[in-house]
Amino acid sequence: MSSSLLTLLFATALVVSLAVKLWLASRQMRHVAAHRAAVPPAFRATVSLAAHQRAADYTLAKGRFGILATAFASTVLLGWTLLGGLDQLNALLLNTVQPRFGDMAYQLALLAAFTLIGGLLDLPFELWSTFRIEQQFGFNRTTPRLYVVDLLKGLAVGAVIGLPLAALILWIMGATGRWWWLWAWGAWAAFNLLIMVLYPTVIAPLFNKFEPLADASLAERVQALMKRCGFAAKGLFVMDGSRRSAHGNAYFTGLGAAKRVVFFDTLLAKLSPGEVEAVLAHELGHFKHRHVTKRIVMMMLMSLAGLALLGWLAGQSGFYTGLGVQPNIGTPNDALALLLFMIVVPVFGFFASPLMALLSRRHEFQADAYACAQADGSALASALIKLHEDNASTLTPDPLYVRFYYSHPPAGERLAALTLQPR
């Protein structure tokens, strides 16, 4: 591969993607601001003007912050690649770690150092988002102490899980020949499936408390719904989401026999039993239509294609030099290739965002239709309105922004579709 061609392609994709992101963000902010003064007609009976304006202000605050964060992230990426940041970090560790501790230690140190530096660069933005924006609009309930504890736990879990996995992938890359990417994909797929099984009972409890659903009447109602839908779960649990945020949610987690239903305590505090049942029926709709399975298969196929592409690129010197890095001589380039690939691919993958968002929105419409067939559609509609209001989600997003980014249909489109469902 020609290094100059790759440099041109990457620089062009980075500039164009940044320009598109900033343009879409500005469109979203202008559209929301232009409709701030009045509640949309479809919501005037259920949403107050104060709540509508609060959602608009929240959206605008996040939009302004998002523009700054996006510009900073693009600058950092440029610094890592074409401006030589990753090359300098690699040279430093190659000269200090590799002679004393060997190739594997050097490669793991490179991955770890890159991750830690990236985390430190992102930390001010995360702190501002949590303790300024979320705090300002009444959503943040995370204390500084809890934030630090979560951060340390995350680092520990990442090290315990991530370093052995990275070592395994690096070993496969160096030991299995030209088809290493196929073996690496097998290891990656197995790891992801294992995490799906272990996450509910091993990892998630490290960060949150999960208690069995204590409301007997609601539990009976939920179990009757799952029985009607032919869905089996290992248990119904309530998570203490209110420790960190006022946002509410409900989800399924786990795989196979390890599946469980989890409600945020904030969700149960806001919705009636009928509304909780309808929201859960929506989630069951995703399983009925095999959306979860389809997404897993799609992600597995995409990772296989990505690793196959990396298997070719890793042997091309132009892949490294075209992205601002000098390949190692006499020392494996496996970690270097992995890092370059992981930070560069999202730049090109950004242009596929509308297709992924479109697929996700279609899945949401299908899950809504299923919920209307298994529960009360009017209860689902009222739950959606409550969640939009409580989460300060804007009712007037820019249509083009929606098509590019929204994984869920905007409230107006969802409610319009719900009214067409048979009762």
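The values are calculated or read from the model by the stated rules, or taken from the named source; none is laboratory data. Given the structure is predicted, the values throughout are model-derived calculations rather than measurements. Note that we place each Cβ from the backbone using ideal geometry, even for glycine, and neighbour counts take in every protein chain shown.
The table below lists the values:
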{"item": "Selection within the stretch 85-131 - closer than 21 Å to Ala159 by Cα, buried (at least 17 other Cβ atoms within 10 Å of the Cβ) and of a type in the set (Val, Ile, Thr)", "result": "Val97"}
{"item": "Neighbours by Cβ (under 7 Å, 6+ apart or cross-chain): first from the stretch 114-139, in contact (Cβ under 8 Å) with a residue 40 or more places away in the chain and among the small types (Gly, Ala, Ser); second surrounded by 14 or more Cβ atoms within 10 Å (Cβ to Cβ) and outside any helix (DSSP H, G or I)", "result": "Gly138/Ala246"}
{"item": "Residues of the stretch 232-260 that turn out to be at pLDDT below 85 and either of a type in the set (Val, Ile, Thr) or under 14 Å from Leu387 (Cβ atoms) (or both), as a count", "result": "9"}
{"item": "Hits in the stretch 285-299 (condition: surrounded by 15 or more Cβ atoms within 10 Å (Cβ to Cβ) and within 19 Å of Ala184 (Cα to Cα))", "result": "Ile296"}
{"item": "Qualifying residue in the stretch 248-266 (condition: within 23 Å of Thr130 (Cβ to Cβ) and more than 20 Å from the chain's Cα centre (by Cα))", "result": "yes"}
{"item": "Residue under evaluation Phe237, criteria (1) touching a helix residue (DSSP H, G or I) at 6+ places or on another chain (Cβ under 8 Å); (2) surrounded by 14 or more Cβ atoms within 10 Å (Cβ to Cβ); (3) closer than 17 Å to Leu268 by Cβ, criterion not met", "result": "(1)"}
{"item": "Which listed residue, of Ala61, Ala50, Ala56, Ala13, is under 30 Å from Phe341 (Cβ atoms), part of a helix (DSSP H, G or I) and small (Gly, Ala, Ser)", "result": "Ala13"}
{"item": "Qualifying residue in the stretch 73-84 (condition: more than 25 Å from the chain's Cα centre (by Cα), more than 18 Å from Gln135 (Cβ to Cβ), surrounded by fewer than 16 Cβ atoms within 10 Å (Cβ to Cβ) and not hydroxyl-bearing (Ser, Thr, Tyr))", "result": "yes"}
{"item": "Where Gly330 falls short, out of the listed (1) surrounded by fewer than 21 Cβ atoms within 10 Å (Cβ to Cβ); (2) within 30 Å of Leu94 (Cβ to Cβ); (3) in contact with a helix residue (DSSP H, G or I) (Cβ under 7 Å, 6 or more places away or on another chain); (4) not polar (S, T, N, Q)", "result": "(3)"}
{"item": "Tally of residues being part of a helix (DSSP H, G or I) and either surrounded by 15 or more Cβ atoms within 10 Å (Cβ to Cβ) or at pLDDT 95 or above (or both) across the stretch 199-208", "result": "3"}
{"item": "Residue that is nearest to Thr59 (Cα to Cα), among those in the stretch 135-190 that are in a helix (DSSP H, G or I) and of a type in the set (S, T, N, Q)", "result": "Gln136"}
{"item": "Every residue from the stretch 338-389 that is surrounded by fewer than 19 Cβ atoms within 10 Å (Cβ to Cβ) and not in a helix (DSSP H, G or I)", "result": "Asp376"}
{"item": "Candidates Ser360, Ser353, filtered to the one that is under 26 Å from Ser303 (Cα atoms) and in contact with a Ser or Thr (Cβ under 7 Å, 6 or more places away or on another chain)", "result": "Ser360"}
{"item": "Contacts under 8 angstrom Cβ, first residue in the stretch 280-291 being outside any helix (DSSP H, G or I), partner of a type outside the set (Val, Ile, Thr), 6 or more apart", "result": "His289/His363; His289/Gln366; His289/Ala367; His289/Tyr370"}
{"item": "Lone unmet requirement of (1) of a type in the set (A, V, I, L, M, F, W, C); (2) outside any helix (DSSP H, G or I); (3) over 30 Å from Lys386 (Cα atoms) for Leu18", "result": "(2)"}
{"item": "Matching option when the condition is modelled with pLDDT of 95 or more and surrounded by fewer than 17 Cβ atoms within 10 Å (Cβ to Cβ), among Ala45, Ala19, Ala25", "result": "Ala19"}
